[in-house]
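To start, the structure itself, in structure tokens.
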Amino acid sequence: MSKQTSFFRSISRLYPHVRPIIPRLLLGLLSALLASVVALTIPQVLRVLVNTALQPGGAPEAVWTSAGAILLLGAAEAVLVALRRQFVINPATTVETRMRVSLYDHLQELTVSFHDRWGSGQLLSRAMTDLNFLRRWMAFGAIMLVVTTLTVVIGIVAMFTMSWQLALIFLAAAVPITINSFRFRTRFSKVARRSQDQAGDLATTVEESVHGIRVLKAFGRSREALETFNEQAEELRQTEIAKARHQATFTMVVTLLPELALGAGLVVGIMLCASGQLSIGALVAFFATAAVIASPVEFSGMLLAMALTAKTAVDRHYEVMDTQNTITSPAEPRHPGELAGALHFNNATFAFEDAPDKPILRDITLDIRPGETMALVGITGSGKSALIQLVPRLYDVTSGAITIDGVDIRDFEVEELRRIVAVAFEDTTLFSNSVRDNVLLGAPVRTEEVLEEALDVAQAHFSYSLPQGVDTLIGEEGLSLSGGQRQRIALARAIAARPRVLVLDDPLSALDVHTEELVEARLREVLKYTTTLIVAHRPSTVALADRVALLEDGRITAVGTHTELLASNQHYRYVIASLDSEPRDLDSELSALEDQAEEVTR
Amino acid sequence: MSTATFGTANEDNAHLSKSDSRAVRRRSLALLGSLIRPVRVRFWLTIAMVVLSQAARVAGPALIAFGIDHALPALRTGDNVPLVFTGVAYLLAAIATAGLTALYVISTARLSQAMLLDLRVRVFRHTQRLSLEFHEKYTSGRIIARQTSDLEALRELLDSGVSSLASGMLFMAFTAATIFALDWRSGLLVLAAGVPMFFLSRWYQKHSQIAFRESRVVSARLIVHFVETMTGIRAVKAFRKEKENSETYGKLAEDYRLVTVRSINLNGIFQPGLVLIGNVCVAVVLLVGGFRVLGGGLAVGVLLALILSTKRFFQPVDQMAMFYNSFQSAQAALEKVSGLLEEVPTVLPPKNPVSLPAAKGSVDFNDVEFRYGDGPLVVPRLDLHIPAGQTVALVGQTGAGKSTLAKLIARFYDVTSGTLTLDGVDLRELATADLRRNIVMVTQEAFLFSGSVADNIALGRPEASRDEIEEAAKAVGAHDFILELPEGYDTDVNKRGGRVSSGQRQLISFARAFLARPAVLILDEATSSLDIPSERLVQAGLARLLAGTESARRTALIIAHRLSTVETADRVLVVHDGRIVEDGTPEELIGGGGRFADLHGAWKDSLV
Ligand SMILES: Nc1ncnc2c1ncn2[C@@H]1O[C@H](COP(=O)(O)OP(=O)(O)OP(=O)(O)O)[C@@H](O)[C@H]1O
Ligand SMILES: Nc1ncnc2c1ncn2[C@@H]1O[C@H](COP(=O)(O)OP(=O)(O)OP(=O)(O)O)[C@@H](O)[C@H]1O
Ligand SMILES: [Mg+2]
Ligand SMILES: [Mg+2]
């Protein structure tokens, strides 16, 4: 949890968003003030009217005019109430929407490592609940806070004109209230923040439980998932109740203290009256005014709580907005004279943010010539995917550099770079769109031919026999596909992008041998003109490549053709060759395990 | 009830026909009722506290009046007892007011939080119960929308609604009684104001209902899009989908704004409308009363009191409008939530569950046919007997229906016709706990939950000790890499297991299954992302697991494209278009020269 900032510092961050609508907010405020003034005047006017114009035997016109006057004032009140909303609603919702969209845009900009850290529920609660609340506060809470404060101030001034002694007694209550409000502020802010965070976590849990529903069902663990959820929801409930408790305490203070002061005022006032220092009229007027400001004072507990919640909403919003995007286009982007697609790793080192002292990749130096296909081989967890994601700058190298045609990829405009480089990830992500839109997502030209070719290369002909052909909606909101079908669509997407540099992360893992052969045969033609880096776990995939790079302990330990490496490199044989017998230099523990397993099998 | 609006069907339609609209409203109110029922005592208690605190509040002005009218003259005559009495009484009233107010603030929170917790858990439990078929079309985003923004609407109602409604009603009733006591004719006039108010409310209800429904629909869309973007952020970035997304989101956000503005504007007519009606009523009372005063039929003082009371009578109307507004909003939200809760799982738990504590593991397909929903037949007519203890490999082209068969055995779906039995017991009659204990499936996508590695493995058997967890990890060859993680078994794998590589995710998922030790184990390409050495380790572990106890081997169904796993199977089934086209031992099939021999040859070739 971030440290607490002051209320005004937080709220003032809204200023740039709010500035254009300040005039309308002020008008809204004015309407609100006028409305309450009118509401307060109506009884006074009535009193005067009744006492003067309406007497038995008086003129009927007087009745008509009084009724007319009251009607007019009444209509004015209604109009002012309506106006207040009219002035404020549109601008407030505009600010809300603008903040929402800018949050979304910023989130899209932020790096993948940011998204690795943040649960989507946390982000969602910021985008929806927090901003909704902020809008309501701007349109209602903030205005009422001002109106209430003004009412109370005016009321107290009026009370002073009636009797300074009594007013002083009343004002004395303000001191403990102020002290208490400080305490309330710190305490309440803390729980408010906690509750908002917990609500976000709860949303994350919901999301995970839905995305992981297959696993939960496969193991019959719905009950455990429910228990976890229940615990979390219960925590949130506790926090909310703690919040209510703070608010109740404060409400009690702001209700009790003014009333106590008034009680004292009543006794003193009566004594003052008895001794003739105060007129009864003044005493009555004093208490009438006190009655008017009593409810705003009580209301202040709620308004203050609202303001504090709004403050934490602002804090949470800017926590994300203040996160700098570290992967940005340079001020003066460069561009290679002619794009050939030579990919070069130059002492590239990479460490994930959460383990900066343990680089996953160290001093990677690798040269991939234009049009060449390089396979990347290494054991599970050796950092192949990490390396591949460096190329489209989903992560940035920690030190060293990667260049395309001699230009550091950090000198490219990011969008340009990602146009040059296309990726097929190991976990296929399809969007809720038609097959066509999914495949043509990164394509420079979105024509039928490109689509057909990409689907053909990836052997995704099945798309044509889906219910609505290539216009069938797939992805989360659409038709579910089999694992291999998904993978082929993702592969087609990378191909349709017609990149200069193609990076494929184990793109054939879910395909059967036959389909794999077909894909490879077609892929070979495409790859002839494209620089390709392809992660491979099988010899069959390696066969696509001109050369192979072996990743071991975070370094490239060997580069050569498949046959060369097979002949010369022990580790390579270990990783890729399934026919060879087990090398004997394995960890003793592992081979022991194997032996044991074999025994059991026998 | 009409089927058009049953469950979540037609959820995105805000303009329902009259009868449909009534049906969903009824459903939503029923849900609200069922939420209140368990906490009704607290509900009434809260209302009682509101009423009492209002009563204590009224005592204040009365005491002031008493003080001025009685204590002051008494004091002038030297008697200070009434003054002391007034002071003390005022003090007590103040304490009572403040205490009761604080109490009802807390009590309201308890009430609303209890109801929210209840609903949250209900929705969660229900979504867990619903079948995959439902989840495949409903999307996680929508469920999140139901769990967050819809619940938020209910919360708003509960937090402010109860007290404002109770105190408002009480106040109005009290004031109305005063007015009637003063002059029944004016009282009737005040009541007459109820007629236009009623019509205004009807108008408001009709229009706001649509606006609020739309608002629920649009906000769900907004959330679905948001969640999809954030989940697929890598692909979004790599394929530069940001601009397109931003446009879509901007449009959705603007739609959301417009419907919010519409609903607020409706309230912006409704609420001032009520104020206006109230004020007109005051004017009418003045007019009528004024003439009677002129005619001498009414005392001026009474008129003054009447008018002031009338004015006061309409004061809580503001609050009531606000209440009605949040009520409408909450109702629209509950319409959606109740729709979700109304959905019936297509894979139902058995009515009379047959228990099968220790299954042997023989699986039989008898005349099974299967299709997804109302799609084409994926599995046409299948008869298959898998004896207990057999290791069966399923091979075939992608999209052939291998995973489908596996998912049928795991009862993710129910067969469309025919029967599927475990040890002779129809899966549909098998007790769910026994089914899940006996049949475990490692799915094609290795999904990890955020939480520690140990927790993720323990999902296989929650009561397992740390030793057993480590044992399982060792058995599949995951132990070493886990120890290398910063906090070993306690390392948080981040959301969706993003902290570990995809091969490592598969190992962890595999360890889960290992820990579960089911009678029937289904592996759907559980090793597709593994390198060959790890795959070999997994196979060794698998062999050990399948050997099981001395008396009984475990049944296994292995789907793999890499035939190294398949070679060791007792039996190979080749699936094509949902049919089993070849069936035999690996040696037989290789010798037979059919599809499998073909595949196998191709695979052998691919190894060098
Ligand atoms: N949830 C679903 N709803 C509708 N159709 C589906 C669903 N899942 C799969 N299908 C379709 O059913 C057919 C068989 O799919 P299945 O997942 O069983 O294939 P598979 O043999 O496992 O393929 P792969 O090797 O690619 O995983 C495919 O045509 C697929 O598109
Ligand atoms: N976000 C992350 N933060 C910290 N460490 C990570 C993160 N993601 C992965 N790692 C670690 O970095 C290492 C390399 O992961 P990577 O995904 O690149 O492996 P890989 O070679 O692609 O493996 P596989 O063949 O299983 O896909 C792994 O040991 C993993 O635990
Ligand atoms: Mg990887
Ligand atoms: Mg499959």
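Data overview
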| read-out | value |
| --- | --- |
| Per-region count, the stretch A:527-579, residues part of a helix (DSSP H, G or I), out of contact with any Ser or Thr (no Cβ under 9 Å at 6 or more places or on another chain) and farther than 22 Å from residue B:534 by Cβ | 4 |
| Verdict on residue A:476 being over 13 Å from residue A:458 (Cβ atoms) and surrounded by fewer than 23 Cβ atoms within 10 Å (Cβ to Cβ) | no |
| Unique match (being at negative phi, facing chain B (nearest Cβ under 9 Å), in contact (Cβ under 8 Å) with a residue 24 or more places away in the chain and surrounded by fewer than 23 Cβ atoms within 10 Å (Cβ to Cβ)) among A:190, A:243 | A:243 |
| Helices (runs of 4 or more DSSP H) enclosed by the stretch A:77-170 - at least 3 residues per element that are without any contact (Cβ under 8 Å) to a residue 12 or more places away in the chain and more than 13 Å from chain B (Cβ to nearest Cβ) | A:142-162 |
| Number of positions in the stretch A:436-473 that are closer than 23 Å to residue B:576 by Cβ and surrounded by 19 or more Cβ atoms within 10 Å (Cβ to Cβ) | 6 |
| Residue list for the stretch A:437-449, filter: more than 14 Å from chain B (Cβ to nearest Cβ) and in a helix (DSSP H, G or I) | A:448, A:449 |
| Qualifying residue in the stretch B:226-238 (condition: buried (at least 18 other Cβ atoms within 10 Å of the Cβ), more than 13 Å from chain A (Cβ to nearest Cβ) and within 30 Å of residue A:477 (Cα to Cα)) | no |
| Residue pairs meeting the criteria (Cβ under 8 Å; at least 6 apart or on separate chains; first at positive phi, in the stretch A:255-266; second buried (at least 24 other Cβ atoms within 10 Å of the Cβ)) | none |
| Identity of the residue in the stretch B:379-398, crowded, with 21+ Cβ neighbours inside 10 Å and within 14 Å of chain A (Cβ to nearest Cβ), that ends up farthest from residue B:133 (Cα to Cα) | B:391 |
| Flag for residue B:480 being more than 9 Å from chain A (Cβ to nearest Cβ) and either under 20 Å from residue A:212 (Cβ atoms) or not basic (Lys, Arg) (or both) | no |
| Residues of the stretch B:355-407 that turn out to be small (Gly, Ala, Ser), out of contact with any strand residue (DSSP E or B) (no Cβ under 9 Å at 6 or more places or on another chain) and without any contact (Cβ under 8 Å) to a residue 40 or more places away in the chain, as a count | 1 |
| Selection within the stretch A:348-387 - over 21 Å from residue B:502 (Cβ atoms) and β-branched (Val, Ile, Thr) | A:349, A:365, A:368, A:373 |
| Criterion (within 11 Å of another protein chain (Cβ to nearest Cβ), within 16 Å of ligand 1 (Cβ to nearest atom), within 28 Å of the chain's Cα centre (by Cα) and at pLDDT 90 or above) met by exactly one of B:449, B:412 | B:412 |
| Residue that is of a type outside the set (Ser, Thr, Tyr) and more than 16 Å from ligand 3 (Cβ to nearest atom), where the choices are A:343, A:376, A:394 | A:343 |
| Residues being touching a helix residue (DSSP H, G or I) at 6+ places or on another chain (Cβ under 6 Å) and more than 8 Å from chain B (Cβ to nearest Cβ) - total across the stretch A:66-76 | 1 |
| Flag if residue B:443 is under 15 Å from residue A:217 (Cα atoms) and either at pLDDT 90 or above or not aromatic (Phe, Trp, Tyr) (or both) | yes |
| Single residue of the stretch A:499-509 satisfying the filter (in a loop (DSSP other than H, G, I, E, B) and crowded, with 24+ Cβ neighbours inside 10 Å) that is nearest to ligand 4 (Cβ to nearest atom) | A:509 |
| Those residues of the stretch A:328-356 which are free of Cβ contacts under 8 Å to residues at least 60 places away in the same chain and on the phi > 0 side of the Ramachandran plot, in sequence order | A:347 |
| Which listed residue is in contact with a helix residue (DSSP H, G or I) (Cβ under 7 Å, 6 or more places away or on another chain), at pLDDT 90 or above and within 16 Å of ligand 2 (Cβ to nearest atom), from A:457, A:542, A:548, A:501 | A:548 |
| Conditions (1) more than 11 Å from every other protein chain (Cβ to nearest Cβ); (2) of a type in the set (Val, Ile, Thr); (3) within 16 Å of ligand 4 (Cβ to nearest atom); number of the one not met by residue A:457 | (3) |
| Filter result for residue A:223 (crowded, with 20+ Cβ neighbours inside 10 Å, more than 22 Å from residue B:219 (Cβ to Cβ) and charged (D, E, K, R)) | no |
| Residue tally, condition within 16 Å of ligand 1 (Cβ to nearest atom) and within 24 Å of residue B:570 (Cβ to Cβ), over the stretch B:352-397 | 11 |
| Positions within the stretch B:495-508 being out of contact with any Asp or Glu (no Cβ under 6 Å at 6 or more places or on another chain) and part of a loop (DSSP other than H, G, I, E, B), in sequence order | B:499, B:500, B:501 |
| Boolean, residue A:429 is in contact (Cβ under 8 Å) with a residue 24 or more places away in the chain, in contact with a helix residue (DSSP H, G or I) (Cβ under 6 Å, 6 or more places away or on another chain), within 16 Å of ligand 3 (Cβ to nearest atom) and hydroxyl-bearing (Ser, Thr, Tyr) | yes |
| Residue match in the stretch A:389-410 (condition: within 16 Å of ligand 2 (Cβ to nearest atom) and at pLDDT below 90) | no |
| Residue B:120 being touching a residue at least 24 places away in the same chain (Cβ under 8 Å), among the basic types (Lys, Arg) and within 30 Å of residue B:226 (Cα to Cα) | yes |
| Whichever residue in the stretch A:342-366 is over 14 Å from residue A:555 (Cα atoms) and not in a loop (DSSP other than H, G, I, E, B) and, among such residues, is nearest to ligand 1 (Cβ to nearest atom) | A:343 |
| Helices (runs of 4 or more DSSP H) lying entirely in the stretch B:115-198 (those with 3 or more residues that are more than 14 Å from chain A (Cβ to nearest Cβ)) | B:151-182, B:184-192 |
| Number of the exception - residue A:63 against (1) under 25 Å from residue B:143 (Cα atoms); (2) within 8 Å of chain B (Cβ to nearest Cβ); (3) of a type outside the set (Gly, Ala, Ser) | (1) |
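The values are calculated or read from the model by the stated rules, or taken from the named source; none is laboratory data. All values derive from a computational prediction rather than experimental measurement. Here the Cβ is made from the backbone with ideal geometry for all residues, glycine too, and neighbour counts use every protein chain on show.
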